[in-house]
Every structure is written in C-alpha cells, then in structure tokens.
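Trainee: Take a look at the following structure, please.
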Amino acid sequence: MNNISQLPMRLTIFACTGILLFAFVASSESFEIVISILTLSLIAMLLGEDFGEEMKLWLLLALGSYGLGVIADLLDEIPELDNHWLLNKTDDAFMQIGVFLMCFCFIKMLHQRRTLIDDLNTQIAKARTLGRELSRQALHDDLTGLQNRRALFRQFDKMAINLQHGILAYIDLDNFKQVNDSYGHKHGDELLVTIARQLIRTAPKGSQIFRIGGDEFVVLMPSEDQSFYHEWIDKLYETTTDTRASFNIDISIGLAPYYPGNLSDPDIILARADRAMYKEKITRNQQSRSDNSYK
Ligand SMILES: Nc1nc2c(ncn2[C@@H]2O[C@H](COP(=O)(O)OP(=O)(O)OP(=O)(O)O)[C@@H](O)[C@H]2O)c(=O)[nH]1
C-alpha cells in the first residue's frame, strides 16, 4: 500500500453497518435486492482502492461469494427452479460468507490504516529530529562544538532586534600554522579544542563563544564595563599559559563595542576588533623583540 486510501472512512462505516443490519434482518424481497446491489457496489468500490495485493484477494473472495449468493437468490425467483435443493442451501450461505469476508476486510483495512498512520508519525518524528540535527550542524563547528560564523551573524541580527550592547572580543592564535607543520594536523585540531574549552571556562557569565575561522574565535560579552574585560583577558592568558608554552603559540585579542547603532553592520564591528587585535599583536611583537635585544 503506497498511499492512504481516499475512500471516506465515515461513509464506509455507515454503509457497512447498514448492510450488516439489513443482511441479518428479515426484509421484503425488493429491499433485499437493493441491499444486495449496494453491497456488491461497495465491494467493487473498495476493490478500486489501493489497499495492497493481499487485501485485493480478500475483497475478490468477498465479492465472489456474495455475488454467488445474489445469483443463487435471483435464480431462486425463477418458477422452474423454485425450491431447488441446491439453491435453497446455497443462496443465504454464500451471501453470509460474503458479508463475513467483507467485515473481515474492513477490520483489516482499519488495522492497515492505523499502522500507516503510526509509520507516518514515526517518519515525521525522524524528519523533525533530522531537521534539528541539520540546523544544529549548520550553526555549529564540528571540531570544537562552538557556534560558527553563520551563528554569529544570526546572533547579530537578534541583538539588533533586542537593542543589545556589549563588547566583542576577536581572538586569533599566533603561530598556529607551525603547530600543524611541526606536530601534524591532528595535534593542531586538539589544540583548537583545548583553546575552545579554555575560552568556555574563562568567558564571563552570559558570554557567547564562536569559532569563526581556522584559528579565529569571537566572544560576545553583554556588558560594557571595561575593567571586567581586562580581568577576563588576564584570566584567559593565565589559564592558557601551559598550552601556549607547550605549542609555542600566543593569543592576540582585539576588542570592539557593539550597540544598537552598529549592530546592523557586523562586518564593521569585526573589522574594528580585527584592527585592534593586529595593533596588539604588533605591540607585543615589538615588546618581545626589545626584551630579546636586552638579553
Ligand atoms: N589543525 C587544523 N588547522 C586548521 C583548521 N582550519 C584551518 N587550519 C589551519 O590554520 C592555519 C591558520 O593560518 P594562519 O592564521 O595564517 O596561521 P598563523 O600561523 O596563526 O598566522 P598568524 O595568525 O599570522 O600568526 C592554516 O595553516 C590552516 O590550514 C582546522 O580545523 N584544524
């Protein structure tokens, strides 16, 4: 069975109940003929529906035996054949077997319908789970589990609608390429996961963390209290001390404020944080060069 039958269920129940009632209740001859024709039409109508091959066989059997009963009943009306022993014995029996088979088919149809609805519900639940998983994958980075660049831009839209403000921290790992080159890509991946965990551990309450590129992260912090960020940066440097030393990398951070006036253009906020980050990187490099020259 490939699709749900279009046969109106209530009409079928109504017709079957009527036929059952009249089949077993003694009635006038002409009324019996009408009911017989109705029953045959109903079986023929059901045969036209897509209930599957097995059901078609049962319906054909019902149609055959009920049809034989009707023919026997009609032959019984011919004066020459009146009270013929074979007709007397067969007409009612065939008709009742036909009605019985039809009831059997009907119960089977209801069962099929329920199974089909259960299957459909299972498929719908599976499709919903798959949809949720796809949208999770679309907004998350597989490696670190952090939200990705697409999610960041969605967040900008949400923050613009809610008139939010705060500080965006743009974080870039320095020298990350040499980790891949010296230790291999697998260790590079592990380092990215470690840094992601350290960001999650240290980020101020209410922050959202994103991985927006190879070794680039963004932290959105919903407050504008500057001292609070410097505390966080110190904490991040402290937490990552061992990781940075063992892989010979460093972390550069650039800050840029976001507020309702600039949230509609996230690229400007990112570019501003990026510039601040490069400035910090250059200052730190100059600092380390002058420190080395004193040694
Ligand atoms: N292991 C790993 N490496 C990645 C991934 N995505 C990008 N990369 C690599 O990360 C490196 C990033 O390049 P850069 O930003 O130039 O590396 P860098 O040495 O940190 O450069 P600076 O930021 O200028 O110090 C490239 O070599 C990419 O191949 C990833 O998912 N896993």
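Every read-out reported here was derived from the displayed coordinates using simple, explicitly stated rules and does not represent laboratory data. If you're wondering where the values come from, they're calculated on a predicted model, not measured in any experiment. FYI the Cβ positions are ideal-geometry reconstructions off the backbone, even for glycines, and counts take in every protein chain you see.
Trainee: Order of 140-149, 56-65 by packing, highest average Cβ count within 10 Å first?
Mentor: Peptide ranking by packing, descending: 56-65, 140-149.
Trainee: Moving on to the next point. Can you find, among Ile167, Thr115, Trp85, the residue sitting farthest towards the positive end of the charge dipole of segment 84-177, where Lys and Arg contribute +1 and Asp and Glu -1 at Cβ?
Mentor: Farthest along the dipole direction, towards plus: Ile167.
Trainee: Taking θ = phi - 60°, what integer Hz values does the Karplus form 6.51 cos²θ - 1.76 cosθ + 1.60 yield along segment 74-89, in sequence order, with x for Gly and Pro?
Mentor: Rounded to whole hertz, the list is 5, 4, 4, 6, 6, x, 5, 9, 4, 6, 5, 4, 5, 5, 4, 7.
Trainee: In what sequence, highest mean first, do 223-230, 99-106, 165-172, 264-271 appear when ranked by Cβ atoms within 10 angstrom? Walk me through the numbers on the way to the answer.
Mentor: Numbers: 223-230: 12.4, 99-106: 18.6, 165-172: 22.0, 264-271: 15.0.
Peptide ranking by packing, descending: 165-172, 99-106, 264-271, 223-230.
Trainee: How long are the semi-axes of the equivalent ellipsoid of segment 149-294, defined as square roots of 5 times the Cα gyration tensor eigenvalues? Whole Å, largest first.
Mentor: Details: eigenvalues 146, 61, 40 Å².
Semi-axis lengths for segment 149-294 are 27, 17, 14 Å.
Trainee: Moving on to the next point. How large is ³J(HN,Hα), in whole Hz, for each residue of segment 48-62 in order, when computed from phi with the Karplus curve 6.51 cos²θ - 1.76 cosθ + 1.60 and θ = phi - 60°, using x for Gly and Pro?
Mentor: Per-residue couplings from phi come out as x, 7, 8, 9, x, 5, 4, 5, 4, 5, 4, 5, 5, 5, 5 Hz.
Trainee: Please count, across the chain, the pairs of lysine residues with Cα atoms under 17 Å apart that sit 8 or more places apart or on different chains. Please report the intermediate quantities before stating the final value.
Mentor: On the way: Lys56/Lys108; Lys177/Lys186; Lys177/Lys281; Lys205/Lys235.
For the chain, the number of qualifying lysine pairs is 4.
Trainee: Here's another thing I want to ask about it. I'd like to compare 117-124, 39-46: which one has the highest average count of other Cβ atoms within 10 Å, and what's the full order after that?
Mentor: Values: 117-124: 10.2, 39-46: 18.4.
With the highest mean Cβ count within 10 Å placed first, the list reads 39-46, 117-124.
Trainee: Over segment 144-237, what is the relative contact order in percent, taking alpha-carbon pairs closer than 8 angstrom and at least six residues apart?
Mentor: Working: 96 pairs, mean separation 38.1, N = 94.
Relative contact order of segment 144-237: 41 percent.
Trainee: Tilt of helix 226-239 relative to the longest C-alpha principal axis of the chain, in degrees (0 to 90, nearest 10)?
Mentor: It is inclined by approximately 90 degrees.
Trainee: Report, in debye and to the nearest 20, how large the dipole of segment 149-294 comes out about its Cα centre when Lys and Arg carry +1 and Asp and Glu carry -1 on their Cβ.
Mentor: Details: 18 positive and 20 negative charges, 57 e Å.
The dipole of segment 149-294 has a size of about 280 debye.
Trainee: Sticking with this one: Using alpha carbons only, how many angstrom separate the centre of segment 124-171 from the centre of segment 66-114?
Mentor: Comparing the Cα centres of segment 124-171 and segment 66-114, I get a distance of 67 Å.
Trainee: Still on this structure, please answer the following. Label-point separation (nm) for Asp174 and Thr115, each offset 7 Å from Cα along Cα-to-Cβ?
Mentor: 6.9
Trainee: Still on this structure, please answer the following. May I ask you to work out the translational diffusion coefficient for segment 65-159 at 37 °C, viscosity 0.692 mPa s, via Stokes-Einstein with Rh from the Kirkwood sum over Cα pairs, reported in whole µm²/s?
Mentor: Values: Rh = 19.2 Å.
In µm²/s, the coefficient rounds to 171.
Trainee: Percent relative contact order of the chain, based on C-alpha pairs within less than 8 angstrom and at least six residues apart? Can you show the working numbers first?
Mentor: On the way: 313 pairs, mean separation 45.2, N = 295.
Relative contact order, the chain: 15 percent.
Trainee: Calculate, for Tyr237 and Arg149, the FRET efficiency according to 1/(1 + (r/R0)^6) with r their C-beta to C-beta distance and R0 30 Å; round to the nearest 0.05. Kindly include the intermediate steps, with their values, before the conclusion.
Mentor: Working: r = 25 Å, r/R0 = 0.83.
In this case the efficiency is close to 0.75.
Trainee: Return one number: the angle in degrees, 0 to 90 and rounded to the nearest 10, between the long axis of the Cα atoms of helix 266-294 and the longest principal axis of the Cα atoms of the chain.
Mentor: Between helix and principal axis, roughly 40 degrees.
Trainee: By how many degrees, 0 to 90 and rounded to 10, does the Cα axis of helix 9-24 deviate from the longest principal axis of the chain?
Mentor: 20
Trainee: May I ask for log10 I(q)/I(0) of the chain at q = 0.09 Å⁻¹, from a Debye sum over the Cα atoms as equal point scatterers with solvent left out?
Mentor: For the requested q values the scattering log ratios are -0.61.
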